[in-house]
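A.B. asks: This is the structure I want to talk about, given as structure tokens.
The values are calculated or read from the model by the stated rules, or taken from the named source; none is laboratory data. The shown structure was predicted, so the numbers you read here are calculated from the model rather than taken from an experiment. Every residue, glycine among them, receives a Cβ derived from its backbone with ideal geometry; neighbour counts consider all protein chains shown.
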Amino acid sequence: MDDHDQSVNGLCEHRSVAADGRIVCAKITLGDNEVSPNLCRNCPAKTIACHHLRFSLQKSSPSAIVVRYASGRTEVWNDEPPSVSFLRAACAARVAPIASPRECAACSLRLTTLPQPQVREKAARRKPRGGKVVPLPQSVAATG
């Protein structure tokens, strides 16, 4: 199975289980490398899905905000989940840096080298239509 088949099935070749039982990403080089399914779903490399992409990731964890009210009550606001973004990324075919997935959206190399998963998903969702197939009579050209 090649790398692309793994990414289409939702598996990532960079995700593994560490010796201590944490699920980690080998591509996160800046920040904590522990990942969750939600974090992997929002990975910019998964969005691009091109085998020409070479990258490293950084994980950003928002810091909690401590709110102290005049009444003495204290709350900790920590609503935002961690996120991953490119630390460095480049296209091996074009030898060009990549800052965001938008730069690869219309790339002809990406579109011609990857089977489009959206097309397969739409075809799989299409239900066969039940019903009768009625052949239409063929038109006969008038001679004379």
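A.B. asks: Identify, from the list LEU30, LEU53, the residue that is surrounded by 10 or more Cβ atoms within 10 Å (Cβ to Cβ), more than 19 Å from the chain's Cα centre (by Cα) and touching a residue at least 40 places away in the same chain (Cβ under 8 Å). Write out each step before concluding.
C.D. replies: On the way: LEU53 fails: more than 19 Å from the chain's Cα centre (by Cα).
Exactly one of LEU30, LEU53 is surrounded by 10 or more Cβ atoms within 10 Å (Cβ to Cβ), more than 19 Å from the chain's Cα centre (by Cα) and touching a residue at least 40 places away in the same chain (Cβ under 8 Å), namely LEU30.
A.B. asks: Starting from the range 76-101, keep only residues that are under 18 Å from ALA26 (Cβ atoms), then list their pairs with residues that are surrounded by 11 or more Cβ atoms within 10 Å (Cβ to Cβ) and among the aromatic types (Phe, Trp, Tyr) whose Cβ atoms are within a distance under 7 Å, requiring at least 6 positions of separation or different chains.
C.D. replies: Short answer, once both residue conditions are applied: PHE86/PHE55; ARG88/PHE55; ALA89/PHE55.
A.B. asks: List the number of the failed condition for ALA123; all other conditions in (1) modelled with pLDDT under 60; (2) closer than 30 Å to GLU34 by Cβ hold.
C.D. replies: ALA123 satisfies every listed condition except (2).
A.B. asks: Sticking with this structure for a sec: Kindly provide the set of residues from the range 59-92 that are surrounded by fewer than 10 Cβ atoms within 10 Å (Cβ to Cβ) and of a type outside the set (A, V, I, L, M), ordered by number.
C.D. replies: Matches in the range 59-92: SER63, ARG68, TYR69, SER71, GLY72, ARG73, THR74, ASP79.
A.B. asks: Please find, within the range 93-120, the residue that is modelled with the highest pLDDT out of those that are polar (S, T, N, Q) and exposed (fewer than 11 other Cβ atoms within 10 Å of the Cβ).
C.D. replies: SER108
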